[in-house]
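Shown next, in structure tokens, is the structure this report addresses.
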Amino acid sequence: MKQLQIVAPGQAEWQDADVPTPGTGEVLLKIRAITTCPHWDMHLMSGEPMFPGARLTYPITPGQPGHELVADVVELGPGVEDLSVGARVAAWQDRGADVRLGGYAQFVPFAAKSLLEVRSDLAPEAIASLELAMCLQVTFDRLRERGGLDGKSVAIGGLGPAGIIACQLARAWGATRVVAVDPVAERRELALSVGADAAVEPTDASFVASEEGPVDISVDCAGAAASVEFLMDHSKEAVALFGVLRDDFAYGWRHWCGHLDIVGYGRHNREAGERALALIEDGRLDLQPIVTHTLPLSSYAEGVELLRSKQAVKVCFLPWE
């Protein structure tokens, strides 16, 4: 089989390897398609850690950081009873870095508990990013726990793949008005195409001056202080933080006296993955618009460059082409 390995910053190899054997609780997957997790891919290829204070050691474990995948089960490991050979599955959970082989390969052993069976008629681009949808659903579950989104106006800050999914989840969970916020015009257009009611630049508070007034709730998917603070200044009830924060932000008197809540991130869980999958299968969540390019997995470096230059929102890699 073939597998991808990032051996040094800017250098990825498409290598020959033996087909692995699934361990206890694992199944062997034949990968049909796998999508980028853009920040992971760009950071590892640039030699920069994803999280502040973390360290990178090269060569990176083969197959990393691939984890958003759709695949067929071709072999069961010991102890697996809830999946069968031939099942089409998608990962709802990233197994993390402590694995012997990541998902950027033709065959991958994967924990059965981290997979959900999916319909075989779904296009690969429509289901491969289920894990990202689960991550976003965790944030929306926290908002649902604090009172929900029914009848609310919601702003989404940062229109990368997560932000485009968040626009759809806000609508799916009851928002009556969705405002998308991003400096890139093409991303704003993409948000409008998936159902956002308005799309503005992060310096444009015109939506606040509308008859509807400031939005009720915001979800930040950018992780930058400027984005969070813009949303805090233009939200009445709460700002939920989904984007990985790399900067401190200022929560001041005007936010405190305005009773603005800051909603932190929650725990990844299978139930959130199942809720996201149900939305995909009933048509309320469409993951295909975030996949703007499809390439052979052997063209990985080309795909990452498309992400870096903002030509691609998300790239879908095909290991068998």
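Here are a few things to note about the model shown:
- DSSP beta bridge pairing in the chain, given as percent antiparallel to the nearest 5: 55
- Span-rule helices in the chain, defined as complete DSSP H runs reaching 15 Å or more along the axis (Cα) with Kyte mean at least -0.5: 130-145, 161-172, 270-281
- Based on DSSP H segments of at least four residues, each scored -39500 (n - 2.57), the chain has a per-residue ellipticity at 222 nm of -7500 deg cm²/dmol.
- Projected area averaged over orientations for region 132-263, convex hull of C-alpha atoms, nm²: 7.1
- Calculation over all alpha carbon pairs of the chain in 10 angstrom steps from 0 returns a P(r) of 6, 27, 33, 23, 9, 2, 0 percent.
- Under 27 Å between alpha carbons - lysine pairs in the chain that sit 8 or more apart or on different chains: 7
- Within a Gaussian network of the chain (alpha carbon springs, distance under 10 Å), most fluctuating of Val263, Val239, Val228: Val263
- Relative contact order of the chain, taken over Cα pairs closer than 8 Å and 6 or more residues apart, is 18 percent.
Taken together, the values in this text are just the output of simple stated rules run on the coordinates, not laboratory data. Computed from a prediction, not measured in an experiment: that's the story for all the values here.
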